[in-house]
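Here's the structure, in structure tokens; my notes come after.
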Amino acid sequence: MKAAVFHGEHDVRVEQVADPAGPGDGEVLIRPLWCGICGTDLHEYAMGPIVIPASPHRLNGSQLPQVLGHEFSAEVVETGRGVTNVRAGQRVSIMPLLFDGTCYFCRRGLNHLCVNMACIGLSYDWGGIAELAVVPASHVSPLPDAVSDLQGALVEPTAVAAYGVDVAQVRPGDTVLVTGAGPIGALASLYAAQLGARVVISEVNPVRAKLAESLDVGEVVDPTQVDVVEWIKDRTEGIGADAVIECSGNERALQTAIDAVRSAGRISQTGLHTKAASIEPMKLSEHDITLTGTWCYPITDWPRIIDLIARGRLPVEKVVTAQVPMADVVERGFEVLLSPTGDQVKVLIDAQQGGSR
């Protein structure tokens, strides 16, 4: 079968690999349908291996080379012994985080913080940009007819975005500033809007700003053209935003978040910073501001996110800007997304090579 395999920095190959032997006890053999390229995948391609283990991973022994893809939908081909939650022929969305279940955090229900965490598509034998894969049955959730294959591949990044918004305790009527309209920022904007919040999106990149405008969830401002802090305060009687979802991983955006949020407001640092950022901690104390980081998502969130999509509350497909066959994953996927002049924001890969579903 074919798969997109990471071998090293700027070395992803679509190549023939051996088919999975079949599902073991408690596992399912699946046929991936659509798979998103995540920011983590981009970092691995540009500078890796970072998360992908070069030596055996302590949870499962996986190591380079790695079949990529952790944001994906699939069809169940075969179930292993003891599997009762899904059956062959069902469409599913995959929750990719792997954990030991016994560490300090797992025993407290914080499995996404497992000290031995691994991830399908990053530190596991299989990934979603492949014609077949084997995954634990406990990690797949059935998709109802109202959720498309493509939407099913967006459950994972939507869970990331939703967690960021939930941590900021967004409520109906809140004014919410989202800094950065990449895939996570766009999905966070959709999620905050369906909660009943008034959403404002700050984005400097014209391609991403255009995507943000197409979501039709709120106003979009360019921080190079307007003072975002003053803009927000002018529209909130000088008070500021109730919550800020920082999705850019940018120092200036974090500083803007602190200045734009109201006293006793909440900031969720959802975007990942790849280098140190300087802030003035006194502002947090002086204005009783809560600044909280988020990592991944609660692993139990799949059914809830799927239900919101199924009921039309979350039109997550709006963030997709390109659908690309696996054969073109490098040229029309990784390279375009990393290019300063690239015209795409969220690229989904057709793992079965065929047309749209």
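Results, tabulated for the structure shown:
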item: Residues of the range 187-208 satisfying the condition of being within 13 Å of the chain's Cα centre (by Cα) and closer than 23 Å to Asp259 by Cβ; result: Ala188
item: Residue under evaluation Ala257, criteria (1) crowded, with 23+ Cβ neighbours inside 10 Å; (2) assigned to a helix (DSSP H, G or I); (3) in contact with a helix residue (DSSP H, G or I) (Cβ under 9 Å, 6 or more places away or on another chain), criterion not met; result: (3)
item: The range 1-12 residues that are at pLDDT below 95, paired with ones that are part of a strand (DSSP E or B) and acidic (Asp, Glu) (beta carbon under 6 Å, 6 or more apart); result: none
item: Residues satisfying the stated conditions in the range 187-216, i.e. without any contact (Cβ under 8 Å) to a residue 60 or more places away in the chain, surrounded by fewer than 24 Cβ atoms within 10 Å (Cβ to Cβ) and of a type in the set (A, V, I, L, M, F, W, C); result: Ala193, Leu195, Val204, Ala209
item: Search result, residues across the range 144-157 that are open to solvent by less than 20 Å² (accessible area, probe 1.4 Å), of a type in the set (A, V, I, L, M, F, W, C) and more than 16 Å from Gln323 (Cβ to Cβ); result: Val147, Val155
item: Within the range 46-82, tally of residues that are of a type outside the set (D, E, K, R) and out of contact with any strand residue (DSSP E or B) (no Cβ under 6 Å at 6 or more places or on another chain); result: 15
item: Hits in the range 136-183 (condition: among the acidic types (Asp, Glu) and either outside any loop (DSSP other than H, G, I, E, B) or touching a residue at least 24 places away in the same chain (Cβ under 8 Å) (or both)); result: Asp149, Glu156, Asp166, Asp174
item: Failed item, numbered, when Ala264 is tested on (1) part of a helix (DSSP H, G or I); (2) open to solvent by 10 Å² or more (accessible area, probe 1.4 Å); result: (1)
item: All positions within the range 21-40 that are under 23 Å from Asp100 (Cα atoms) and in contact with a strand residue (DSSP E or B) (Cβ under 9 Å, 6 or more places away or on another chain); result: Gly22, Pro23, Gly24, Gly26, Glu27, Val28, Leu29, Ile30, Thr40
item: In the range 164-181, residue nearest to Thr290 (Cα to Cα) [restricted to those that are surrounded by fewer than 23 Cβ atoms within 10 Å (Cβ to Cβ) and of a type outside the set (Val, Ile, Thr)]; result: Gln169
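A quick yes/no check of all residues on (1) in contact with a strand residue (DSSP E or B) (Cβ under 8 Å, 6 or more places away or on another chain); (2) acidic (Asp, Glu); (3) more than 18 Å from Pro223 (Cα to Cα):
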site: Gly240; (1), (2), (3): yes, no, no
site: Arg252; (1), (2), (3): no, no, no
site: Gln255; (1), (2), (3): no, no, no
site: Ser263; (1), (2), (3): no, no, yes
site: Ser268; (1), (2), (3): yes, no, yes
site: His273; (1), (2), (3): no, no, yes
site: Ser278; (1), (2), (3): no, no, yes
site: His287; (1), (2), (3): yes, no, yes
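The values are calculated or read from the model by the stated rules, or taken from the named source; none is laboratory data. Values in this document were obtained by computation on a predicted structure and should not be read as measured data. Cβ atoms come from the backbone with ideal geometry, glycine included; neighbour counts cover every protein chain shown. Accessible surface is based on the protein model in full, side chains and every heavy atom, while ligands, DNA and RNA are left aside. Shrake-Rupley method; radii C 1.70, N 1.55, O 1.52, S 1.80 Å.
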